[in-house]
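For reference, the structure discussed in these notes is given below.
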Amino acid sequence: MLFLSHRFFIKDNCDELRLHAHKYDFDICFFHELSDFVAAVERDAGDSLYLIDLDALYNMQSDMLAARKTLLLGELLQRLPGDRRYVYLQSERQGGRFALQQRLVDSNCLAYAEKPIANDVLVDKLFNLFVQQKRADVVRVTMLGAPPGWDEAALRAQRLDVVYHADPQTLHLRVKDLRPDIVLITDEEYERTEAVVRVLKRNIEADPVREITLLQRRADPVQARRALDSGFDALLAMDDPDLLARQLLNRADKIRISRDLIGKDRATGLLNKIGLQQKTQSLICRALLEGKPLCLGVIDIDKFKTINDTWGHYFGDIVIKRLSLTLAARMDEADLLSRFGGEEFVVVFWDCTLEQGWRRLDAMRQAFGAAAFEVKPGDVRHFSFSGGLAAFPAYRSENELFLRADAMLYEAKEGGRNQIRPVPQPVAQTG
């Protein structure tokens, strides 16, 4: 994180802020001159956070404005690189000015926060922004009917995946296989088979959060009432494909937020049990359709109770968050990563055999073991985790995979900890 602030604020707070930041395994670079800050932002690869304390505008000596010490907001915004997004800190007085908030959000504002804010709270919220800035989850759409003529490349670029289906009488089977977040049905297909939405809704495996939407070519209030009574969640006009695409992207963002609230761990930003179960089931369906292997691993931090009892639960949280970052940095795009509960994590590797999964998880074990934790000044410790693995299709369901991997984790613990089970057997040489 690059932080532009008062010289006196940096002097009084840098050590404490860095201490809190280190628990998430990131660092803070402090600046009190705008020119230095701008140069650092321009050099940065774009994967950092850029934090600006607005009170610094009234105390900053700018090389462009040497005659006065007040830097105006407009001048600041003009000098900041326009291809970055910024986090702003402001006072309670500034927070009460709507015009200021409007100026910020219209000028590459990622977020703004109000002071006073405790250092640990600020760093925790910045960590959440780091998590949110990572790639957005794919939102999957199944559409019954002809494409409306929208820009499909633009939708894919926004991580919205649309699959078209032509037969209303097999739509329920397609939805069962693909598990989409949204189902779109054109008015033409609805009139052909009115029972289609009722069949989707009554399936005992139907996702209650899934949105089923009717697309109307022209406004028809009678049809709209009938459709809503039969189970549709919403109606959208399809006469303007670009407008329809924009509405769909907005709905996709809402779905991602709902997923985060329901299916993600607030402390680490990773999937929780609910989110993992839903996504693993979908991934197994996809693996079955595409004939791909999966590997599921269960991870548990070794002697975690001793860590908590010796250095406190606050330090235990640091260990958990550092492990989450170690694992996340080594996951591929199609993989899944969950904080399953407490000090236990679950990984699911896509298109990965048991042997490949062991190599990947063991590399993660070694990386975490190399991480240094300063429990007190001059006292550095290293910690470890144990893991168990299971593979699909040898184990077919999400529950079978978890139970097998959990049994292998128990073997790893019993075998001395700091290892992954089962260990792949060497291939016998022939000849």
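The residues of region 39-59 that are touching a strand residue (DSSP E or B) at 6+ places or on another chain (Cβ under 7 Å) and hydrophobic (A, V, I, L, M, F, W, C), listed by number, are A40, V41, L49, L51, I52, L54, A56.
Residue count for region 87-121, restricted to those that are of a type in the set (A, V, I, L, M, F, W, C) and exposed (fewer than 14 other Cβ atoms within 10 Å of the Cβ): 6. Quick one: in region 304-329, which of the residues that are crowded, with 16+ Cβ neighbours inside 10 Å and either closer than 15 Å to A390 by Cβ or of a type in the set (D, E, K, R) (or both) is modelled with the highest pLDDT? Per the criteria, the residue is R322.
In this structure, does R365 turn out to be surrounded by 13 or more Cβ atoms within 10 Å (Cβ to Cβ) and more than 21 Å from G275 (Cα to Cα)? So that I can check it myself, show each step before the final result.
Details: surrounded by 13 or more Cβ atoms within 10 Å (Cβ to Cβ): yes; more than 21 Å from G275 (Cα to Cα): yes.
The answer is yes for R365.
The set of residues in region 363-398 being under 24 Å from the mean Cα position of the chain (by Cα) and assigned to a helix (DSSP H, G or I) consists of A363, M364, R365, A367, F368, E398.
Would you mind listing the helices (runs of 4 or more DSSP H) fully within region 241-336 where at least 1 residues are within 30 Å of A153 (Cβ to Cβ)? Spell out how you get there, then give the answer.
Numbers: elements: 241-263, 273-290, 304-311, 313-328.
Hits in region 241-336: 241-263, 273-290, 313-328.
The values are calculated or read from the model by the stated rules, or taken from the named source; none is laboratory data. In this text the structure is predicted, and so the values were computed from the model without any measurement. Positions of Cβ are backbone-derived with ideal geometry, glycine not excepted, and every protein chain shown enters the neighbour counts.
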